[in-house]
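Structure first, then comments.
Just so it is clear, none of the values below were taken in a lab; they were calculated from the coordinates. What you see is a predicted model, and the numbers here were worked out from it, not measured in a lab. Cβ placement follows ideal geometry from the backbone for every residue including glycine, while neighbour counts extend to all protein chains displayed.
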Amino acid sequence: MKPVRKAVLPVAGLGTRVLPGAKTTPKEMLNIVDRPILSYIIAEGRAAGIEHFIFVTGRGKQAIEDYFDHHIEMEAQLAAKGKTDILEAVLADLPKPGEMSFVRQMSPQGLGHAVWCARDIVGDEPFAVMLPDMLMHAERAPLAQAIDAYNQVGGNVVVVEPAPEGETNKYGIVALDGREGRLNRMTGMVEKPPLGTEPSNLFISGRYILQPEIFNLLSDQAKGAGGEIQLTDAMVRLMALEPFHALEYEGTTYDCGDKIGLLRANVAYALQHPELGQAARAAITALL
Ligand code: UTP
């Protein structure tokens, strides 16, 4: 079985639900407490053993490439002033040479189209997809949990979790061949099913292990829900050829793609922050 070495991070969406905040700052760069969302995602990928991160970016997203590069003047100033803690924090997210690639999706035609744009850089090997607006907090990195499952069953693996009551119509929902333990064979999936028609309450929460055959299917994938080329639709076609498993991971997900999710993530991460946690608790309590 080929190992999972590469992760595709689609970051070319418009972030409509978090406008106007995401107008000039890509939504994936919005801060959670003291660092951009992408900083947490890269840490999760590294903890899962990912060797190469492939960003699918778009117009107005240059801040992402700049974040993962040196800022010569800032670093020189911090070093000159002896602010070594801050300098270390600034340098911590920098990639090793060649660890990151950037490819442009020239117009946001949907998640499936964004993933397809990474096909040449991924090549002929299994790969991870990490949706950067889904912040997933867990003791063992959620993507590492997915790779553990992949190493056990092979094929394709999607990370799932129970959707909040009445919200199954917001996500991709899986159908299972029985539900025993956390890792189950899938029989289907559907993007944003109307309430009452969902095949389960489990939604695909933003981490995938996919086989490279998905790219061929994406190349002629018709538009689906919302007039976009949906990754879920191509995965349904791949399921006719290869097994898919759904992993109910252990951890908590914060959907930072909308305003309340972003706020929840900020509060939760502030309360858990090793240095700021206590002060954050006091500040939040004082507001209630
Ligand atoms: P979302 O649907 O959550 O992102 O896609 P969005 O389109 O930016 O959100 P809204 O609905 O306008 O608020 C999940 C991830 O896929 C990326 C997004 O950047 C996000 O990180 N994406 C989505 C692309 O890269 N390209 C697309 O065409 C669509």
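Taken across the range 25-40, residues that are within 14 Å of the ligand (Cβ to nearest atom), closer than 19 Å to LYS96 by Cα, buried (at least 19 other Cβ atoms within 10 Å of the Cβ) and in contact (Cβ under 8 Å) with a residue 40 or more places away in the chain do occur, with at least one present.
Within the range 46-75, the set of residues being closer than 24 Å to TYR269 by Cβ and within 14 Å of the ligand (Cβ to nearest atom) comprises PHE53, PHE55, LYS61, ALA63, ILE64.
Filtering the range 1-23 to residues that are in contact (Cβ under 8 Å) with a residue 40 or more places away in the chain, near the ligand (Cβ under 10 Å from one of its atoms) and more than 20 Å from PHE102 (Cα to Cα) leaves ARG17, VAL18.
Quick one: in the range 158-191, which of the residues that are among the small types (Gly, Ala, Ser) and in contact with a helix residue (DSSP H, G or I) (Cβ under 9 Å, 6 or more places away or on another chain) is surrounded by the most Cβ atoms within 10 Å (Cβ to Cβ)? The residue in question is GLY172. Note on the range 124-146: among residues that are within 14 Å of the ligand (Cβ to nearest atom) and over 17 Å from LYS6 (Cα atoms), the one that is surrounded by the fewest Cβ atoms within 10 Å (Cβ to Cβ) is MET134.
Against the list (1) within 16 Å of the ligand (Cβ to nearest atom); (2) under 23 Å from GLN62 (Cβ atoms), the condition VAL90 fails is (1).
Name every residue in the range 230-256 that is under 30 Å from ALA270 (Cα atoms) and either out of contact with any Ser or Thr (no Cβ under 9 Å at 6 or more places or on another chain) or free of Cβ contacts under 8 Å to residues at least 24 places away in the same chain (or both), in order of residue number. Give the derivation first.
Pass one, the range 230-256, residues under 30 Å from ALA270 (Cα atoms): 247-256.
Listed by number, the residues that qualify are LEU247, GLU248, GLU250, GLY251, THR252, TYR254, CYS256.
Within the range 99-123, the set of residues being more than 10 Å from the ligand (Cβ to nearest atom), aliphatic (A, V, I, L, M) and in contact with a helix residue (DSSP H, G or I) (Cβ under 7 Å, 6 or more places away or on another chain) comprises just one member, VAL103.
Return yes or no: is PHE53 surrounded by fewer than 24 Cβ atoms within 10 Å (Cβ to Cβ), under 25 Å from GLN152 (Cβ atoms), among the aromatic types (Phe, Trp, Tyr) and in contact with an Asp or Glu (Cβ under 7 Å, 6 or more places away or on another chain)? Criteria met by PHE53.
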